[in-house]
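Here's the structure we're looking at; comments come further down.
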Amino acid sequence: MITYKADIFFVNLSIGISAAAILNFLLVSSTSPAATNHKSPYSTEFSNNLKTITMPKYVIEREIPGVGKSTAEQLKEIAKASNEVLSKMGPQIQWVNSYVTDNKIYCIYNAPNEEMVLEHAKQGGFPANSISKISALIDPITAE
C-alpha cells in the first residue's frame with residue numbers, strides 16, 4: 001500500500017512579505033520510517049486514505065459583487081493588500097490560495113484559530129462572510 005505525505009513550506013519573499021504556503025507532496029511507502037514518524041506541525045495525517053488536518057486550516061467566503069470580472073491588475077492589488085497584512089501579523093497565519101468566482105472569493109488559510117483569520121480580514125478591510133474550519137480533506141485516493 002502507498003500513502004501520500006504532505007509538508008507545507010512557508011515562503012518569504014525577499015522583501016519580507018509572506019506568500020502563499022506551498023504543498024510539497026512526497027510519495028513514501030506506508031512501511032517507511034518517514035511515513036510513520038512524520039510530525040511536522042503543518043502536516044496532513046493519513047488514516048485509511050482519509051486526510052486529517054493537524055494544523056488548523058480554514059475556508060473563508062468573501063462576498064465581493066463582481067469580483068469575477070476583476071482584471072489581473074486588480075487581483076494583484078487584492079493579493080498585495082493581503083500580503084501586507086500577513087507580513088504584519090507574523091508567520092502563524094498563512095494564505096494558501098484563493099478561488100475567485102463571479103461574486104465571491106473562497107480563501108484557504110492556515111491559522112491557529114478563527115480569531116486570527118477574522119483579525120486578518122479586519123486589518124485588510126476584507127469581508128469574511130463565512131469562516132469554516134476544515135476537518136478533513138478527501139480526494140480520489142480516499143476512495144481506494
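Remark: pairs (first residue in segment 84-110, more than 16 Å from Q74 (Cβ to Cβ) and touching a residue at least 12 places away in the same chain (Cβ under 8 Å); second residue among the aromatic types (F, W, Y) and outside any strand (DSSP E or B); Cβ separation under 7 Å; 6+ apart in sequence or on different chains) = P91/F10; Q94/F10; N110/Y42.
Could you tell me which of the residues K69, K57, K76 is farther than 13 Å from A121 by Cα, buried (at least 17 other Cβ atoms within 10 Å of the Cβ) and modelled with pLDDT of 95 or more?
Answer to the selection: K57.
Looking across segment 51-84 at every residue that is among the hydroxyl-bearing types (S, T, Y) and part of a loop (DSSP other than H, G, I, E, B), the one that is nearest to the chain's Cα centre (by Cα) is identified as T54. From the set of residues in segment 90-139 that are in a helix (DSSP H, G or I) and either at pLDDT below 95 or in contact with a helix residue (DSSP H, G or I) (Cβ under 6 Å, 6 or more places away or on another chain) (or both), which is surrounded by the most Cβ atoms within 10 Å (Cβ to Cβ)? Filtering first and then ranking leaves H120.
The values are calculated or read from the model by the stated rules, or taken from the named source; none is laboratory data. Source: prediction; values computed, not measured. Please note: Cβ atoms are built from the backbone with ideal geometry, for glycine as well, and neighbour counts cover all protein chains shown.
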